[in-house]
1. For Ile155, state whether it is modelled with pLDDT of 90 or more, in the same structural domain as Asn83 (by TED's automatic domain parsing) and either touching a Ser or Thr at 6+ places or on another chain (Cβ under 8 Å) or within 30 Å of Leu312 (Cβ to Cβ) (or both).
2. Take the residues in region 198-228 that are loosely packed, with under 15 Cβ neighbours inside 10 Å and small (Gly, Ala, Ser); name whichever of them is farthest from Gln299 (Cα to Cα).
3. Could you list, in sequence order, the residues of region 267-307 that are without any contact (Cβ under 8 Å) to a residue 40 or more places away in the chain and surrounded by fewer than 16 Cβ atoms within 10 Å (Cβ to Cβ)?
4. Whether any residue in region 37-44 is among the hydroxyl-bearing types (Ser, Thr, Tyr) and either surrounded by 18 or more Cβ atoms within 10 Å (Cβ to Cβ) or modelled with pLDDT of 85 or more (or both) is what I want to check.
5. For region 208-318, which strands (runs of 3 or more DSSP E) that fit wholly inside it have 1 or more residues that are of a type in the set (Val, Ile, Thr) and touching a Lys or Arg at 6+ places or on another chain (Cβ under 6 Å)?
6. Please verify whether Ile328 is surrounded by fewer than 22 Cβ atoms within 10 Å (Cβ to Cβ) and over 22 Å from Ile185 (Cα atoms), treating the condition exactly as stated.
7. With the requirement that a residue be polar (S, T, N, Q) and either modelled with pLDDT of 95 or more or under 30 Å from Ile250 (Cβ atoms) (or both), what does region 309-345 give you?
8. Taking into account only those residues within region 79-100 that are part of a helix (DSSP H, G or I) and charged (D, E, K, R), which is farthest from the chain's Cα centre (by Cα)?
Amino acid sequence: MNNTTSEKVRRKPMTARELARMIGVSQSAISRAFTPGASIAPQLRAKILRHAEDVGYHPNAIASMLSKSRTNIVGIVISDMQNPFYPALIERLSRGLQRVGLQSLMFNITKGADLEEQLSALRRYNVDAVIIISATILSGPTLRWATEDRAAILINRVAEDAELSCVICDNIEGARTIADHFHEIGRRRIAYVAGLSHTTTNRERQSAFITRIAEHGMTLSALIDGGEYSYYAGRNAALDILARGDTDAIFFANDILAVGGIDALQENGVRVPEDIAVAGFDDIAMAGWPHYSLTTFRQPIDTLVDVTVTMLEDGSCVPGKLPTIRRISGELIKRRSTMGAASPD
């Protein structure tokens, strides 16, 4: 590392005002030089960029975002980072936004915190749009307040009282498909394990599943509210089902519940799937691990992302437009937890 480079590393970042004073131009000229399409003489732009390179100056993206009418930044709101499905969704969503020239700024709304304080931070940032990823602790009115006057989309949740457009996997199709699969493999005494029973996602899966097994003449042997979508909620639910007895298949409302359930069953001498078949929903990476080899209904993440990005680009989710619900079909992935032998994805 030469002396000049070393000085750049150690030096406090230079501000636009300091660079303008050094070159002898206005601060607005500095801003225009770094703004594509802005009105500025080519020679002046080249001069500013050359000096900026020499002193290691980079524009402050956050300060720029706060001052401009359009920022090309999308706020992503999440409140359930313990579910492995959501980090995978956020990673692909960020890449999808980048492909169309948009950057993302994440807001993690934590349980037990002051929601108004956390959401006030979202309102202070001048993001162009807001994407809410299954923020189940936020009510419809709260979501409306947080996204006021901005394009907004919900992913993996429907909130009728929020008046926001939604992009979700077809939960009804998925739940019915799991019920059909259990019937096809000869299971007749079926348990259902919810994560959060009050959420629209769970209500759709639970209602469709229970209705479908009734249509097949199967018996609902247990209906468990896990209280949260977590590994330990799945474990506890499986132990509860074992204590009740008379179950030969369990549909867990998502994969992380199912993973906890499989561990609890096997630790208690229950063979999966010989004694009890197990299915989940989402198809997280862990579902394909050899130890679990979990049959699950795969959420089409890439399609969910593509539809969301398209709605942001075409303006179909801006304020004043009627909200729409886009339900995307998924796919049943059959694995050893129901089939007895691993099947290819």
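The values are calculated or read from the model by the stated rules, or taken from the named source; none is laboratory data. Bear in mind the structure is a predicted one, so any value in this text is a computation, not a measurement. Methodologically, a virtual Cβ is constructed for each residue, glycine included, from the backbone with ideal geometry; neighbour enumeration extends over all protein chains shown.
1. Numbers: modelled with pLDDT of 90 or more: yes; in the same structural domain as Asn83 (by TED's automatic domain parsing): yes; either touching a Ser or Thr at 6+ places or on another chain (Cβ under 8 Å) or within 30 Å of Leu312 (Cβ to Cβ) (or both): yes.
So Ile155 passes the test.
2. Gly217
3. Across region 267-307, the qualifying residues are Glu267, Asn268, Gly269, Arg271, Asp275, Trp289, His291, Thr303.
4. Step one: filter region 37-44 for residues among the hydroxyl-bearing types (Ser, Thr, Tyr), giving 39.
Still in the list and also either surrounded by 18 or more Cβ atoms within 10 Å (Cβ to Cβ) or modelled with pLDDT of 85 or more (or both): none.
No, every residue in region 37-44 fails to be among the hydroxyl-bearing types (Ser, Thr, Tyr) and either surrounded by 18 or more Cβ atoms within 10 Å (Cβ to Cβ) or modelled with pLDDT of 85 or more (or both).
5. Values: elements: 219-225, 249-252, 277-282, 295-298.
Of the strands (runs of 3 or more DSSP E) lying wholly inside region 208-318, those with at least 1 residues that are of a type in the set (Val, Ile, Thr) and touching a Lys or Arg at 6+ places or on another chain (Cβ under 6 Å) span 219-225, 295-298.
6. Numbers: surrounded by fewer than 22 Cβ atoms within 10 Å (Cβ to Cβ): yes; over 22 Å from Ile185 (Cα atoms): yes.
The answer is yes for Ile328.
7. Filtering region 309-345 for residues polar (S, T, N, Q) gives 310, 316, 324, 329, 337-338, 343.
Passing the criteria: Ser329, Ser337, Thr338, Ser343.
8. So the first thing to find is which residues in region 79-100 are part of a helix (DSSP H, G or I), and the list is 85-99.
Subset that is charged (D, E, K, R): 91-92, 95, 99.
Values: Glu91: 9, Arg92: 9, Arg95: 13, Arg99: 18 Å.
Ranking the qualifying residues of region 79-100, first place goes to Arg99.
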